[in-house]
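Remarks on the structure that follows.
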Amino acid sequence: MQAQPQPKPSLYPIKCDNAITQTDMTLCANQDYKKSDADLNDAYRTLIKRFKGDSTKTTQLQSAQKAWLFFRDAECAFSASGASGGSIYPMVLSQCLDTLTQARTKELRGYLTCKEGDTGCPVPREE
């Protein structure tokens, strides 16, 4: 996916709950996505730590995450393509990235709270 130029930050603080201009709405959407991406990275690092050196599980998670990132970026590029070329495109793209990233974070965090005996859970319980 080709990176889209992000608008330059405003000289005044943006109140995202009351953003009016397209630039501000785009900046707020990008800000939301960046927060979600940081949360995703935190969940991912927590899972890696939980594996405690199990190289097989670590490699499997790394492969799954790389594939998921590829899917997310391709899906959002496609999903936002209806707005391609317009000033709204970066906002629509960021909103899609944010939504899918939040869903993936929820999925990864779910692995951290598996119930005892859950054979569908690839992550060991915390000791």
(request) Could you give the size of the charge dipole of region 21-111 about its Cα centre, using +1 on the Cβ of each K and R and -1 on the Cβ of each D and E, expressed in debye and rounded to the nearest 20? (result) 540
(request) Taking the chain as the reference, fit the longest principal axis to its C-alpha atoms, fit the long axis of helix 89-111 to the helix C-alpha atoms, and give the angle between the two in degrees, 0 to 90, nearest 10. (result) 20
(message) Taking the 0 to 90 degree range and rounding to the nearest ten, how far is the long axis of helix 22-50 tilted relative to the main principal axis of the chain, both from C-alpha atoms?
(response) 10
(message) Compute the angle between helix 55-79 and the longest alpha-carbon principal axis of the chain, please, reported from 0 to 90 degrees and rounded to the nearest 10.
(response) 20
(message) Which residue, LEU47, LEU97, THR21, has the largest displacement toward the positive end of the dipole of region 21-111 when charges sit on each Cβ (Lys, Arg +1; Asp, Glu -1)?
(response) LEU47
(request) Rounded, prolate or oblate: pick one for the chain, where a ≥ b ≥ c are the square roots of the eigenvalues of its C-alpha gyration tensor, a/c under 1.5 means rounded, and failing that, prolate if a/b is larger than b/c, else oblate. (result) prolate
(message) Could you tell me the extents of region 75-127's C-alpha atoms along the three principal axes, largest first, rounded to whole Å?
(response) 50, 16, 10
(request) Using the structure shown, select from LYS66/LYS106; LYS34/LYS66; LYS15/LYS66; LYS35/LYS115 the pairs with a Cα to Cα distance greater than 26 angstrom. (result) LYS15/LYS66; LYS35/LYS115
(request) Find me the longest stretch of the chain that has none of the exposed trypsin sites (Lys or Arg not before Pro), where exposed means in a DSSP loop (not H, G, I, E or B) with at most 14 other Cβ atoms within 10 Å. (result) 53-114
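Where a number appears in this text, it was derived from the coordinates with a stated rule and is not lab data. Predicted model, so just to flag it, every value in this text is computed and none were measured. Note that each Cβ is placed from the backbone with ideal geometry, even for glycine, and that neighbours are counted across all protein chains shown.
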